[in-house]
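Remarks on the structure that follows.
The values are calculated or read from the model by the stated rules, or taken from the named source; none is laboratory data. Values in this document were obtained by computation on a predicted structure and should not be read as measured data. So basically every Cβ, Gly included, is an ideal-geometry build from the backbone, and we count neighbours across all protein chains shown.
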Amino acid sequence: MWSEMFAGLRMTLLLTVLTGILYPGLVTAVCQGLFPRQANGSLIERNGKVIGSALLGQGFTEARYFHPRPSAAGADGYDATSSGGSNLGPTSKKLIDRIQAALQSAERRERIPADHLTTSASGLDPHISPASARLQAARVALARGLTEAAVVELIGRFTEDRDLGFLGEPRVNVLLLNLALEESNAR
């Protein structure tokens, strides 16, 4: 009996060291060596201060900023400690009411992109579609005293293509676009 217990204990200790210390340490070292920016959260700094991550959505509500897609993460949205979708189904009254309210407040009535109205699976998606960004261009241009054409051109510069040319959809990182707007207004 004791020999079986010691064998089990040795196996537990070995697996703990292998899978709990050595493997995570190796993966961390490889990632830090090959992808240091991504391994550290793709943090964005301005004037020595971290202002966000290119991987996590943030709430912007002022008219002079592009707004991200709605978030279901946390009570007020964009809570990285409470990531997750709303899990509301297509027949959910709560979802229908939320989408109808978003439709009422949409800047234009024609062809509103789905990501302008619905949350992402994580609730923290940092991207919007180029169509959703263009939908907001007039409001942002007016609030910043820019021409709509200049804002649309900036959207084009910050539109990311599909990964590997065929994975996903074209997208615009809201934080990076808003930072570019801040820099263009500072000049």
Does the range 50-67 include one or more residues that are out of contact with any Cys (no Cβ under 6 Å at 6 or more places or on another chain), over 30 Å from THR118 (Cα atoms) and loosely packed, with under 10 Cβ neighbours inside 10 Å?
-> no
When every residue in the range 1-28 that is surrounded by 10 or more Cβ atoms within 10 Å (Cβ to Cβ) and hydroxyl-bearing (Ser, Thr, Tyr) is compared, the one farthest from ASN173 (Cα to Cα) is THR12
Could you grab me the full set of residues in the range 152-184 that are of a type in the set (A, V, I, L, M), modelled with pLDDT under 95 and over 21 Å from LEU56 (Cβ atoms)?
-> LEU164
Please give the number of the condition ALA106 fails out of (1) at pLDDT below 80; (2) within 21 Å of VAL152 (Cα to Cα); (3) touching a Lys or Arg at 6+ places or on another chain (Cβ under 7 Å).
-> (3)
State whether the residues of the range 44-65 include one that is farther than 30 Å from LEU146 by Cβ and of a type outside the set (Lys, Arg).
-> no
Just a yes or no: is a residue in the range 99-109 of a type outside the set (Ser, Thr, Tyr), within 15 Å of ARG64 (Cβ to Cβ) and surrounded by 12 or more Cβ atoms within 10 Å (Cβ to Cβ)?
-> yes
Filter result for PRO68 (touching a helix residue (DSSP H, G or I) at 6+ places or on another chain (Cβ under 9 Å), under 20 Å from VAL151 (Cα atoms) and not acidic (Asp, Glu)) | yes
So CYS31 fits all but one of (1) surrounded by 13 or more Cβ atoms within 10 Å (Cβ to Cβ); (2) out of contact with any strand residue (DSSP E or B) (no Cβ under 7 Å at 6 or more places or on another chain); (3) farther than 22 Å from GLU169 by Cβ; (4) touching a residue at least 40 places away in the same chain (Cβ under 8 Å); what number is the exception?
-> (4)
